[in-house]
Amino acid sequence: MATLAVLAHYDPDGHVANHVVDAVSRLRPAAEQLVFVTASPLTAAAKARLDSVDEVIERPNTGDDFYSWRTGLAAVGDPGSYDCIILANDSVVGPLVPLPDLMDDMRGTASDAYGVSTSTQGGLHVQSYWTALGPRAIQHPAIAG
């Protein structure tokens, strides 16, 4: 299964925190392509912490995480060439369970989209900070372009 991971980031000072480096290290073995999209101009030291990332994209701070994910998807050319797309952000620590276990759980469902937690604030919904999309969701025009 070919997996793309797009990690959205923001830090007003252009730093990459330790928990973000940890998230990258957990995503790296699970993804054939790992794209880091930041809405901050990064310091040289911050960029050096991202040496295992395939692509680092700096963009203006508009559009929240959703625009970062869209920017990352556009950068890979054809999102449809992946069987799984992970969309994550830097606002939480984790995942705290081994990522292969989480991915196995996801593949064992009939769902086209998978999140690690839900919220009832504003109505029941999947939290967007860590979501994985399967092949049918990837083919949707909102993702495929």
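Any residue in the stretch 95-112 that is within 16 Å of Ala8 (Cα to Cα) and touching a residue at least 12 places away in the same chain (Cβ under 8 Å)? Yes, there is a match, as at least one residue in the stretch 95-112 is within 16 Å of Ala8 (Cα to Cα) and touching a residue at least 12 places away in the same chain (Cβ under 8 Å). Number of residues in the stretch 22-57 that are without any contact (Cβ under 8 Å) to a residue 60 or more places away in the chain, open to solvent by less than 40 Å² (accessible area, probe 1.4 Å) and more than 11 Å from the chain's Cα centre (by Cα) equals 8. The residues of the stretch 1-21 that are outside any loop (DSSP other than H, G, I, E, B), open to solvent by less than 30 Å² (accessible area, probe 1.4 Å) and not polar (S, T, N, Q), listed by number, are Leu4, Ala5, Val6, Leu7, Ala8, His9, Val20. Each residue in the stretch 22-36 was checked for being among the basic types (Lys, Arg) and assigned to a strand (DSSP E or B), and 0 pass. Within the stretch 93-116, being in contact with a helix residue (DSSP H, G or I) (Cβ under 8 Å, 6 or more places away or on another chain), among the aliphatic types (A, V, I, L, M) and closer than 15 Å to Arg26 by Cβ holds for Val93, Leu99, Met103, Val116.
The values are calculated or read from the model by the stated rules, or taken from the named source; none is laboratory data. Note that the structure is predicted; figures quoted are calculated from it, not measured. All Cβ positions, glycine included, derive from the backbone under ideal geometry; neighbour counts span all protein chains shown. Note: areas computed on protein heavy atoms with side chains; ligands, DNA, RNA excluded. Shrake-Rupley method; radii C 1.70, N 1.55, O 1.52, S 1.80 Å.
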